[in-house]
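> Attaching a single structure in structure tokens format; questions to follow.
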Amino acid sequence: MGKTLVYKILERHLVEGRPAAGEQIGIRIDQTLTQDATGTTAFLLYESMGGGRVKTDLSVSYVDHNMVGFGPENHNDHLYLQTVAAKSGVYHSRAGNGICHQVHLERLGRPGATLLGSDSHTPTGGGIGMLAIGAGGLDVAVAMAGGPFYLKCPKVAGVRLTGRLGDWVAAKDVILKLLSILTTKGNVGWVVEYFGDGAAGLSVPQRATITNMGAELGVTTSIFASDEQTRKFLAAQKREGDFEAMTADVDAEYDRVIEIDLSKLEPMAACPSSPDNVKTVREIAGSRVGQVVIGSCTNSSLADLMMAATVLRGRRIDSMVEFAVAPGSREVLNMLAENRALADMIAAGARILESGCGPCIGQGFSPADGVVSLRTFNRNFAGRSGTKGDRVYLVSPETAVASALAGTITDPRQMAKSPAIDYPRIEMPDEFVINDNMIEEPPDDARAAKVEVLLGPTIVVPQAPAPLPEKLAGSVLLKCGNKITTDHIMPAGTYLKLRSNVPEYAKVVFNCFNEPGKPTFAERALELKAKDVGGVIVAGESYGQGSSREHAALCPMHLGVRMVIAKSIERIHKANLINFCILPVEFAEPRDYDRLKAGDELEVAGLTEAIKGEKRVRISKVDGRPEFFGRLDLSQRDREILLAGGLLNYTRQRSR
Ligand code: MIC
Ligand code: SF4
């Protein structure tokens, strides 16, 4: 039986376990990336594990999320990251150089390599045939220290792409189509591998849009072959030397195959407020639009923005639409400036935002109340834009630009009608304009030893958790429903700047569920903690969707949360819970979910015994009603980490 590309790369990097679906394996990590919103914690934890020069082939620290700078926090973080990177042998991509995933794809990613990133959209690297996986910052810190990354060996879904995209239909529509099939839940333990003649015809930036937004499926990663398209892209980036051809065997067997005929696709949109609430643009056309943004790590390549600029040339944005463009990297921005496409966009009425995450993570440009906002991003979770009750639609740059001109949601294929606008098919340049002077190379050991790491007063070193008790007395702090995202747990937006200060940031855990005039989640949790009662969160399916932010475990841990009981928990979040010693439990009988409510007092006797080797744990309700069982779906290593009091303690103990 032939091998999938995913398994070929996994086998090359295997250091522990057997490469068969469902088995726990450890793989060697060649490259890591961190970004500033998760990176400060990752580096603080890396330093508390002993620090020193990283052991990977390449590690990069990017600054792209926290850049607005209201108050000193953001700049303090940048200075810490710049100096700690120099000290640790890590490359540092400075604020303004672009979004980590876009820059990494352009300048540093390598086909066939493994990349671990403290950001859920790390799989963007799958666009050039990397095995690129998102994880919590502490897992990335361990990889920087030379430790393997542990995961459940995945099942592989093959997506056979055939045909060719029609005019005004985009790569974004491919991934939106797949989201409509697979949804955002139920895909834990899978990876997606694209193949077929349709895949071969897609350029690297198109592929990267698809692998990027694969994060929304909840799969471990997504990948395309490294082929002639990849070689062309790397050659245009003047790094053909990094190219290596890598594909699946022709007779590779996938665990399931999904067929998508590109020529049959039409423009799609993810409607409020989930990336899998997908409809065709045709179905929702006509609604008034108040805001349009082209940007984010999903859709801000040179090709995307050149397409938009070409359509906008000589035209004007609708007078009731605020339209903004955030180029994914400085390379893209610079090229748009040099070829005057930037001038075309400015003349049409575009506001030009920084090369960074910006509005995608609620850093400004929040929509007005009740207004429809069209964005080329990957997430439209409720409130993520910074506006409560927001109405955010995720669309392709083609749909975005057509709608910005019309002032209403518009199927871009309308552009071919009167007055006809030809679809600008943008070819990749033979050479990108390269300028890496904002990627700082780390100094040699002698100079690194003299670097002073700047730790501003707004940066607080996170504490390791207390070990779990033998018998847990707990109280249900919150009962929530399905698809609770890490944005629900730890809001970003104006709170994002608190990422380096856990005690402060923890005050807004589950802020979206707080009610005016009543004690907040954090206040209630701290009250329990003072009485030595563990906080418990009860949730439905797919708990912890979305980002890799380990603050969604770290901050609840700080507040004394000790257990999450859910119908199912997403991969990265579950790992983060274990890393910070919060027990992840899944209902053995999903209907037991209905028997719990906020305020219930629970007891788990023999907790550490159960963690040592049981597959389930007995949970009793103190009010006398029947007990129920929770499943412990944990690897041996997960169990050891929990018993050690979290990954930091576990790593310290093992290095003694
Ligand atoms: C996101 O898109 O939600 C983020 C912000 O990039 C997160 C990381 C973070 O919360 O810092 C992610 O995707 O992992
Ligand atoms: Fe940044 Fe948005 Fe991409 Fe996250 S999804 S890395 S916030 S651009």
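Every number here is computed from the coordinates shown, using simple stated rules; none is lab data. The structure presented is a predicted model; accordingly, all values stated were derived computationally and were not measured. Neighbour counts run over all protein chains shown; Cβ positions are idealised from the backbone, glycine included.
> Excluding Gly125 itself, calculate the net charge of residues whose Cβ lies under 15 Å from the Cβ of Gly125, where each Lys or Arg counts +1 and each Asp or Glu counts -1.
Net local charge, Gly125 excluded: -3.
> Skipping prolines and chain starts, which residues have an amide H placed within reach, meaning under 5 Å, of the one on Asp633, given they are 5 or more residues away or on another chain?
Counting only residues 5 or more places away or on other chains, the set is Glu586.
> Report the net charge of residues surrounding Pro367, where surrounding means a beta-carbon distance below 10 angstrom and charges are Lys +1, Arg +1, Asp -1, Glu -1.
Here the count lands on -1.
> Scattering from the C-alpha atoms of the stretch 258-366 alone, worked out with Debye: what is log10 I(q)/I(0) at q = 0.16 1/Å?
One equal scatterer on each Cα of the stretch 258-366 leads to -0.84.
> Give me, ordered by chain and number, the residues 5 or more places off Arg340 or on other chains with an amide H under 5 Å from its own placed amide H.
For Arg340, whose amide H was placed from the backbone, there are no distant partners under 5 Å.
> Filter Lys152/Lys185; Lys531/Lys621; Lys155/Lys615; Lys8/Lys152 down to the pairs with a C-alpha to C-alpha distance above 20 Å, please. Please list the in-between numbers first.
Numbers: Lys152/Lys185 17 Å; Lys531/Lys621 18 Å; Lys155/Lys615 22 Å; Lys8/Lys152 16 Å.
In this structure, Lys155/Lys615 exceed 20 Å between Cα atoms.
> Among the GluC sites (Glu not before Pro) within the stretch 220-264, which fall in a DSSP loop and have no more than 16 other Cβ atoms within 10 Å of their own Cβ?
Those satisfying the criteria are Glu244, Glu253.
> For the stretch 242-298, max minus min Cα coordinate along each principal axis, in Å, sorted largest first?
Largest to smallest, the principal-axis extents are 49, 30, 23 Å.
> If you don't mind, there's one more thing I want to ask. Treat the stretch 471-548 as a sphere of radius equal to its Kirkwood radius over Cα pairs and apply Stokes-Einstein at 25 °C in a medium of 0.890 mPa s; give the translational diffusion coefficient in µm²/s, rounded to a whole number.
182
> If you don't mind, there's one more thing I want to ask. With a Cα-only, solvent-free Debye model of the stretch 363-428, what are the log10 I(q)/I(0) values at q = 0.24 Å⁻¹?
Treating every Cα as an identical point scatterer, log10 I(q)/I(0) equals -1.01.
> Computed on alpha carbon atoms, what radius of gyration and Dmax characterise the stretch 198-244, expressed in Å?
11.6, 33
> Let me ask you something else. Tell me, what ³J(HN,Hα) does each residue in the stretch 345-358 have, in order and in whole Hz, if you take phi through Karplus 6.51 cos²θ - 1.76 cosθ + 1.60 with θ = phi - 60° and put x for Gly and Pro?
Coupling constants for the stretch 345-358: 5, 4, 4, 7, x, 6, 8, 9, 9, 4, 7, x, 6, x Hz.
> Below 8 Å between Cα atoms, with a sequence gap of 6+, how large is the relative contact order for the chain in percent?
14
> May I ask you to list the GluC sites (Glu not before Pro) in the stretch 406-498 that are in a DSSP loop and have at most 15 other Cβ atoms within 10 Å of their Cβ?
Working: sites: Glu427, Glu431, Glu440, Glu452, Glu470; in loops: Glu427, Glu431, Glu452, Glu470.
Here the GluC sites (Glu not before Pro) that fit, given the DSSP loop and packing criteria, are Glu427, Glu431, Glu452, Glu470.
> Using only the alpha carbons of the stretch 302-393, what is the convex hull's orientation-averaged projected area in square nanometres?
5.7
> Rg and Dmax of the stretch 185-297 over Cα atoms: what are they, in angstrom?
16.7, 50
> Please find the FRET efficiency linking Glu338 to Lys615, where r is the Cβ-Cβ separation and R0 is fixed at 41 Å, and quote it to the nearest 0.05. Show your work: numbers first, answer last.
Numbers: r = 61 Å, r/R0 = 1.48.
Approximately 0.10, to the nearest 0.05.
> Can you pull the percent of Cα pairs in the stretch 522-656 with separation above 25 Å? Working shown, then result.
Working: 1996 of 9045 pairs.
Result for the distance tail: 22 percent.
> Sticking with this structure for a sec: Could you tell me the extents of the stretch 438-592's C-alpha atoms along the three principal axes, largest first, rounded to whole Å?
Cα spread of the stretch 438-592 along its principal axes, largest to smallest: 60, 35, 32 Å.
> Over the chain, what is the percentage of antiparallel beta bridges among all DSSP beta bridges, to the nearest 5?
About 30 percent, rounded to the nearest 5.
> Along the stretch 140-147, what does the Karplus equation 6.51 cos²θ - 1.76 cosθ + 1.60 (θ = phi - 60°) give for ³J(HN,Hα), rounded to whole Hz, x for Gly and Pro?
Result, ordered by residue: 5, 4, 4, 5, 4, 7, x, x Hz.
> Another one. Hey, what D do you get for the stretch 594-647 in µm²/s if you plug the Kirkwood alpha-carbon radius into Stokes-Einstein at 10 °C and 1.306 mPa s?
Values: Rh = 12.3 Å.
Calculated translational D: 129 µm²/s.
> Moving on. If we count every other residue with Cβ under 10 angstrom of Pro267's Cβ, Lys/Arg +1 and Asp/Glu -1, where does the sum land?
Neighbour charge sum, excluding Pro267 itself: -1.
> What ³J(HN,Hα) values, in whole Hz, does the Karplus curve 6.51 cos²θ - 1.76 cosθ + 1.60 give for the stretch 232-247 when θ = phi - 60°, with x put for Gly and Pro?
Along the stretch 232-247, the couplings run 4, 5, 5, 5, 5, 8, 6, 9, 4, x, 7, 6, 9, 6, 8, 9 Hz.
> Per the Kirkwood treatment, what hydrodynamic radius in Å, one decimal, follows for the stretch 150-209 from the mean inverse distance over all distinct Cα pairs?
One decimal place: 12.8 Å for the Kirkwood radius.
> Return the Cα extents of the stretch 525-575 along principal axes one, two and three, sorted largest first, each rounded to a whole Å.
Cα extents, longest axis first: 32, 21, 12 Å.
> Still on this model: Measuring from centroid to centroid over Cα atoms, what is the spacing of the stretch 33-106 and the stretch 212-275 in Å?
27
> Hey, can you grab everything whose amide H is under 5 Å from the amide H of Glu16? Only 5+ residues off in sequence or another chain; H modelled, so Pro and N-termini drop out.
Gly26
> Which translational diffusion coefficient, to the nearest whole µm²/s, is obtained for the chain from the Stokes-Einstein equation, given a Kirkwood hydrodynamic radius over C-alpha pairs, 10 °C and 1.306 mPa s?
64
> Grab the DSSP H runs of the chain that are 4 residues or longer, score each as -39,500 (n - 2.57), total them, divide by all residues and round the 222 nm result to the nearest 500 deg cm²/dmol.
Value at 222 nm, helices only: -8000 deg cm²/dmol.
> Can you give the angle from 0 to 90° between the axis of helix 36-48 and the longest principal axis of the chain, with both taken from C-alpha atoms, to the nearest 10?
Long axis of 36-48 versus the principal axis of the chain: about 40 degrees.
> Across 5 Å bins from the origin, how do the percents of Cα pairs in the stretch 44-189 run, short distances first?
2, 8, 14, 19, 18, 14, 10, 8, 5, 2, 0
> Still on this structure, I have one more. The stretch 509-585: which GluC sites (Glu not before Pro) are DSSP loop and have at most 14 other beta-carbon atoms within 10 angstrom?
Those that pass, being in a loop and sparsely packed, number zero.
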